[in-house]
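Written below as C-alpha cells is the structure these notes are about.
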Amino acid sequence: MSMTITSVDTLQSGLRVCQANYADASHARALSHLLNLYAQDVMGGGHALSQFALDNLAPELARRPQAFSVLAFVQGEAAGLVNCMEGFSTFACKPLVNVHDLAVHPKFRRRGIARQMMGLAERIALSRGACKLTLEVLQGNASAIQLYREIGFLNYQLDPAMGQAVFLQKLLE
C-alpha cells in the first residue's frame, strides 16, 4: 500500500522540497515551466515543449496513479523537478520507480537541490514498496553522473561478461 509523502524538507533558508500536487495551479505551472527549460537545454534535446504538453502536463500526470513528481522552490521560485513513474520488476515481483526527468533551473544549480529532490523521491519510492530506482543519463552529463554515483546509482548489468545494459528507443509518432 502506498503512502503519499507531502511533508517538505526545508534544509536551507528558503529551500522547500515537496511532492507535487498536480491539482495545485502553482505546482502545475512550475512543472511545465521547469520541464520546458529542461527540454530546451542541450541535455534535454534543445527544443521547447509543444503547447499541448505545456497545457496538459499536470492533468495527464494526475490521471496516472503510477506517476509522482518532486518540486523544489527557492524563496517561492520554481527551482527544480523530478518526474517519476512507477513500473514493475518482474524478477523481484515488486514495484520499481524510474526517475524519468530531473532538472534544476540553471540559476539554482550547484546548491544541492538535485540531491535533496532525489532524497525525497527515494523516500516516496520506498513508501510505495519499490525495490529500486532507475534512471537514464546522457554520457556527456558528467556532473549528473557524478551526483548519481554519489547517491548510490550504479551501471546496470547482470553478468559482467555480458556487459552493461543499453538504453534504446523507438519513436511511435
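The values are calculated or read from the model by the stated rules, or taken from the named source; none is laboratory data. All values reported here derive from a predicted model rather than from experimental measurement. With ideal geometry, Cβ positions are generated from the backbone for all residues, glycine too; neighbour counts draw on all protein chains shown.
Considering only region 152-160, I want to know if a residue exists there that is polar (S, T, N, Q), within 24 Å of Val42 (Cβ to Cβ) and modelled with pLDDT under 95. So far as region 152-160 goes, yes, one or more of its residues are polar (S, T, N, Q), within 24 Å of Val42 (Cβ to Cβ) and modelled with pLDDT under 95. With respect to (1) without any contact (Cβ under 8 Å) to a residue 40 or more places away in the chain; (2) under 27 Å from Gly14 (Cα atoms); (3) surrounded by 21 or more Cβ atoms within 10 Å (Cβ to Cβ), the lone exception for His100 is condition (3). Among residues of region 151-173 that are in contact (Cβ under 8 Å) with a residue 12 or more places away in the chain, those with a beta-carbon under 7 Å from a residue that is among the basic types (Lys, Arg) at least six positions away or on a different chain give the pairs Ile151/Arg115. Restricting the first member to region 28-57 and to residues that are modelled with pLDDT under 95, and the second to residues that are buried (at least 18 other Cβ atoms within 10 Å of the Cβ), the beta-carbon pairs closer than 7 Å and six or more apart or on different chains are Gly44/Tyr38; Gly45/Ala39. Candidates in region 124-158 are the residues that are among the aromatic types (Phe, Trp, Tyr) and not in a helix (DSSP H, G or I); of these, the one that is nearest to Val99 (Cα to Cα) is Phe153.
Is it the case, given these coordinates, that Ala165 is touching a Phe, Trp or Tyr at 6+ places or on another chain (Cβ under 8 Å) and either surrounded by 11 or more Cβ atoms within 10 Å (Cβ to Cβ) or closer than 27 Å to Leu57 by Cα (or both)? Yes, satisfied. The residue that is farthest from Glu122 (Cα to Cα), among those in region 42-100 that are outside any helix (DSSP H, G or I) and among the polar types (S, T, N, Q), is Ser50.
Met117 falls short on exactly one of the conditions (1) within 14 Å of Leu15 (Cα to Cα); (2) in contact (Cβ under 8 Å) with a residue 60 or more places away in the chain; (3) assigned to a loop (DSSP other than H, G, I, E, B), and that condition is (3).
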